[in-house]
Amino acid sequence: MKPSLIIDHSFGEAYAKRLGVAPWRGNLPGPKLEEWRFTPLRSLAKIAFTPATDDVSVDAVPRAVPLIAGAVRLVLVNGAYRKDLSSADPGKGVELSHGKVAAKDGSSLVALNAAYAPSSLALHVAGAAKKIVHIVSISAAGSEPTALHPRITVTAEAGSSVTLVESHVGLPGETYFSNPVASITVGEGATVRRYVSVDEDSAAFHLATSLVKVAGGGTYEAFHLGLGGALTRQEIRVALTGENANVRLNGAYALSGASHHDFTTVMDHIVPNCASSQVFKGVVDGESHGVYQGRIHVARDAQKTDARQVHKALFLARGPAIDCKPELEIYADDVQCAHGAATGEIDPDHLFYLAARGIDAETARSLLVEGFLADAVNEISAEPVREQFAADIARWLKARQ
Amino acid sequence: MALLEIKNLHASVAGKEILKGITLALEPGEVHAIMGPNGTGKSTLSNVIAGREGYEVTKGEVYLDGKDVLDMAADERARAGIFLAFQYPVEIPGVTTSAFLKTALNAKRRAAGQPEIDAMDFLKLVKAKTAVLGMPYDMIKRPLNVGFSGGEKKRAEVLQMTMLEPRVAILDETDSGLDIDALKVVSEGVNSLRSPERAFLVITHYQRLLDYIVPDHVHVLANGRIAASGGKELALELEAEGYAKYLNTAA
Ligand SMILES: Nc1ncnc2c1ncn2[C@@H]1O[C@H](COP(=O)(O)OP(=O)(O)O)[C@@H](O)[C@H]1O
Ligand SMILES: [Mg+2]
């Protein structure tokens, strides 16, 4: 028996009835679950959510969503695919379909998603996808607190390659809870680049789960950006299932006000000769709270594993808090594993150097924050996306001044 | 009116008085050299003029063009035309030299009521200035000073100076860590900026630099005071005889 993990929630009978589906019988993760210790869901559990319906009128993509050069756009509103807002053709090499979400095991949030996701946006990649695929997931609450469960499935066939961007944005209004799940399968020798930006409304909850499998010789390069919301968690679970798989998982967050952001990663090395690296960086201001939990598991057979992770946070004020928890579970003996963690403040010598060149204090701080986040952001290999994410961070910095 | 006027300047660091009454006037077009043993307060003087925090001015005044400098924040002083080439330039990871230069240049332009520099003009300007200083143009893509050799850092300081075209430039031991070729290049960079509207305060430990940047006045700083002033021949004398005599008098 597991300890009591249950907290109250509103995702039972009544919720299911409004959708006309079978009810979810699970429970939201509670504070006694080790993985959720730093991110309690008390405030979320107090709210009675109703299902997002697709009759919310959203007739355009919010202007804040960037247009990425050379990308096709696929738009979800409250998790449902909106053909009218999407590009006509997902581009050469990518096939689009919409399927029922299979209820499978997984965390309670994944099961909750499976119970109530409208349908899955499924991308099938064969060969080299020509264009960047930009998925825009819009949360549009009605007059009541709204929950939505977007589901994305990406299957990259052996030898194929694709670059994906996900923008998660909300329309201002009532509070909402977005519970997206992405399942990514990287086939043998395939390359998937995936760049996720979460920029939710300041009262919103966003608890995202990414489930990634990388086959032999496959490459998964991901970057996750978190810029706000009341409570955001980006949980990324990666299994390297074939030899010579290579994973580069990076991310950055910039928090102000009372925002809470949690990066939880699980890197599961199962077979020999794989490499994974993680660079996560965060900037915290106001009374915000940043969390990084990174677990690296190296199975007994996974010899010659090279696994690294680093998390660094920069405090812009005295009010914020950071929780950082690296966990290395290594059962093989011939491996290279390294982790590093550090927190700090802006160096006054750096500020003086910039001041001595005529740069005012606010601009100097912005430049230094962008510089601090740069070694994570620079890991983004797709240039237009790197520039876009850097611009998003610059915009966050401007807004905070 | 002197371009930079320092009057009876006293300053303390961590409660200890380092500058004990410095008076200096730099007229437009002049180059003043300050020489002195280690630990005598040369960098303290340059930091106080540039406005670094942690230095307490207990007495005295500093004027730029008649404006009270000690009243201004460091960034205001820089925009007003004071430039400090650091003895130890800091490394700033993640901030490219190019982003930094552009931000600094635009800060100055904005203060002067000019529009921001056009991207192409900026690149052209950097190309021209790096070429003069014998620096690879690509170095502006690197993070500011990160992994630069001692000599590269000093060249980068001079590059910034030639781009920002200050009224008063303070060079704090810009010659240290330079080999003779680099010394010549850096000196040429400085000399190219010499003009009737500009003044220089060249702090150095060695006379060698003054063969290339020929000063109008040389001052000896010892024990927080100007112990002697003279022409460029004073530098030669110091080279031959050392500072012992000034330290003894002051003691
Ligand atoms: N930040 C500081 N804190 C404490 N002492 C300092 C600081 N900066 C300078 N000093 C002291 O002030 C004196 C003068 O230093 P400095 O101005 O660097 O000399 P110079 O440049 O002539 O070698 C030295 O005794 C040095 O130790
Ligand atoms: Mg010094």
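The condition of being within 16 Å of the chain's Cα centre (by Cα), of a type in the set (A, V, I, L, M), more than 9 Å from chain A (Cβ to nearest Cβ) and over 28 Å from B:Gly151 (Cα atoms) does not hold for B:Val57.
Would you mind telling me which numbered condition in (1) more than 16 Å from ligand 2 (Cβ to nearest atom); (2) modelled with pLDDT under 95 B:Thr40 fails? The one condition B:Thr40 does not meet is (1).
Taken together, B:Ala33, B:Ala2 contain a single residue that is away from ligand 1 (no atom under 12 Å from the Cβ), within 20 Å of B:Val218 (Cβ to Cβ) and buried (at least 19 other Cβ atoms within 10 Å of the Cβ), which is B:Ala33. Among the residues of segment A:227-246, the ones that are surrounded by fewer than 24 Cβ atoms within 10 Å (Cβ to Cβ) and β-branched (Val, Ile, Thr) come to 1 in all. When B:Ile22, B:Ile18 are checked against the criterion of being in a strand (DSSP E or B) and near ligand 1 (Cβ under 9 Å from one of its atoms), a single residue qualifies: B:Ile18.
Does A:Ala307 count as in contact (Cβ under 8 Å) with a residue 24 or more places away in the chain and away from every other protein chain (no Cβ under 14 Å)?
yes
Looking only at residues of segment B:173-201 that are in a helix (DSSP H, G or I) and hydroxyl-bearing (Ser, Thr, Tyr), we find that the one that is least open to solvent (accessible area, probe 1.4 Å) is B:Ser187.
Hey, among the residues in segment A:110-133 that are over 23 Å from A:Gly189 (Cα atoms) and not hydrophobic (A, V, I, L, M, F, W, C), which one's surrounded by the most Cβ atoms within 10 Å (Cβ to Cβ)?
Among them, the one singled out is A:Asn113.
Each residue in segment B:156-172 was checked for being more than 16 Å from ligand 1 (Cβ to nearest atom) and open to solvent by less than 50 Å² (accessible area, probe 1.4 Å), and 11 of them qualify. Considering A:Ala64, A:Ala88, A:Ala22, A:Ala103, the condition of being touching a helix residue (DSSP H, G or I) at 6+ places or on another chain (Cβ under 8 Å) and at pLDDT below 90 is satisfied by A:Ala103 alone. Scan segment A:279-296 and tell me whether some residue there is in a strand (DSSP E or B), at pLDDT 95 or above, more than 18 Å from the chain's Cα centre (by Cα) and surrounded by fewer than 24 Cβ atoms within 10 Å (Cβ to Cβ). Within segment A:279-296 (the criterion being in a strand (DSSP E or B), at pLDDT 95 or above, more than 18 Å from the chain's Cα centre (by Cα) and surrounded by fewer than 24 Cβ atoms within 10 Å (Cβ to Cβ)), the answer is no, since none of the residues qualifies. Which of the residues belonging to segment B:43-77 are of a type in the set (Ser, Thr, Tyr), under 24 Å from B:Arg194 (Cβ atoms) and more than 16 Å from ligand 2 (Cβ to nearest atom)? Matches in segment B:43-77: B:Tyr63 only. At least 3 residues being touching a residue at least 24 places away in the same chain (Cβ under 8 Å) and within 16 Å of ligand 1 (Cβ to nearest atom) is the threshold, and among the strands (runs of 3 or more DSSP E) wholly inside segment B:39-155 those reaching it are B:55-64.
Every residue in segment A:367-386 that is open to solvent by less than 40 Å² (accessible area, probe 1.4 Å), more than 25 Å from B:Val158 (Cα to Cα) and within 13 Å of another protein chain (Cβ to nearest Cβ), please.
Hits for segment A:367-386 are A:Val369, A:Phe372, A:Leu373, A:Ala374, A:Ala376, A:Val377.
Consider A:Phe389 carefully, then state whether it is more than 9 Å from chain B (Cβ to nearest Cβ) and assigned to a helix (DSSP H, G or I). Yes.
Annotation: B:Ile92 fulfils all but one of (1) aliphatic (A, V, I, L, M); (2) within 16 Å of ligand 2 (Cβ to nearest atom); (3) touching a His at 6+ places or on another chain (Cβ under 6 Å); the unmet one is (2). Under the condition of being surrounded by fewer than 20 Cβ atoms within 10 Å (Cβ to Cβ) and under 18 Å from A:Thr241 (Cα atoms), the residues counted in segment A:300-333 number 10.
The values are calculated or read from the model by the stated rules, or taken from the named source; none is laboratory data. As the structure is a prediction and not an experimental result, all values here were calculated from the model. Ideal geometry is used to build each Cβ from the backbone, glycine not excepted, and the neighbour counts take in all protein chains shown. For accessibility, only protein heavy atoms count, side chains too; no ligands or nucleic acids. Shrake-Rupley method; radii C 1.70, N 1.55, O 1.52, S 1.80 Å.
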